[in-house]
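Only one structure is covered here, and it is reproduced in the block below.
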Amino acid sequence: MSLIAFEHRARVFSETGLVPTRPSRAHRWQGRLLKGAGLALLPWMGYLAATLPTTEAVAWVTLDSFEALALTAAGASLVRADGRHRFPAAVAAVLLVADACADLATAAPGQETALALVMAAAVEIPLAVLCATLAVGSRESGVGSQASDAGSAEGSAPSHKRRRRERNDTRLPGS
C-alpha cells in the first residue's frame, strides 16, 4: 500500500514540477516556534474567557483563536516543507499587529499600558515580523520550491504549464 502511495506522490511531483524537499533546520525551528505560539494561546484564551466581561471576552477570544489557527497552520506547513505556509503566515502577521494595536488602544493608563507595550515589543511584533518575512520569502528558500528547466526560455513556469502552452501553440488559428 505504501509503495502505491509513493508512486502516486512521485507522479504528482513530476507532473506539477514541485520538488519534494526536506525543510531546512531554520524552517523547522521557525515552524516549531509558530506552532508553539499558536498552542500557547489556548490557555491564554481560557484565562481571558474566565476573567473578562462576556462581551469583551468574546471579542478577544475570537481574535486570539484566529491568531492561533493561523500560527499553527503556518508552523505545520513549515515543518512539513509545504510551500503553502505563506498565506497563513501573512494572516498571522496582520492579526498579530492588529492585536498589538488593540491591546495598546484599550489598555488603561499605568500598569496595563506598560504590560501591553511589553507584550507588543517582546512577543506580538517580533512574531508578526517573522510571519511577514515567511509570507514574502523567496521561492528558492527550499520550502515548496519549484523545479526550473534551464534549457527552456520559460524556465520559471512549471512543466505542466509549459506543456499546455506548447499544445496551444500547435493549434491552427480559428480552430
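Details
- Selection of the stretch 115-132 for residues being open to solvent by 50 Å² or more (accessible area, probe 1.4 Å) and either of a type in the set (A, V, I, L, M) or more than 17 Å from the chain's Cα centre (by Cα) (or both) yields LEU115, LEU117, VAL118, MET119, ALA121, ALA122, VAL123, ILE125, VAL129.
- Members of the stretch 54-68 that are closer than 23 Å to PHE87 by Cα and either among the acidic types (Asp, Glu) or in contact (Cβ under 8 Å) with a residue 40 or more places away in the chain (or both): ASP64, GLU67
- Subset of the stretch 49-90 that is at pLDDT 90 or above and among the acidic types (Asp, Glu) - its residue that is most open to solvent (accessible area, probe 1.4 Å): GLU56
- Any chance ALA93 is under 25 Å from the mean Cα position of the chain (by Cα) and surrounded by fewer than 18 Cβ atoms within 10 Å (Cβ to Cβ): no
- Given (1) open to solvent by less than 60 Å² (accessible area, probe 1.4 Å); (2) in contact with a helix residue (DSSP H, G or I) (Cβ under 7 Å, 6 or more places away or on another chain), number of the condition LEU104 does not satisfy: (1)
- Filter result for VAL12 (at pLDDT below 80 and touching a Leu at 6+ places or on another chain (Cβ under 9 Å)): yes
The values are calculated or read from the model by the stated rules, or taken from the named source; none is laboratory data. This is a predicted model, so every value here is computed, not measured. As a convention, Cβ positions derive from the backbone with ideal geometry for all residues, glycine included, and neighbour counts pool all protein chains shown. Only protein heavy atoms, including side chains, enter the accessible area calculation; ligands, DNA and RNA are left aside. Shrake-Rupley method; radii C 1.70, N 1.55, O 1.52, S 1.80 Å.
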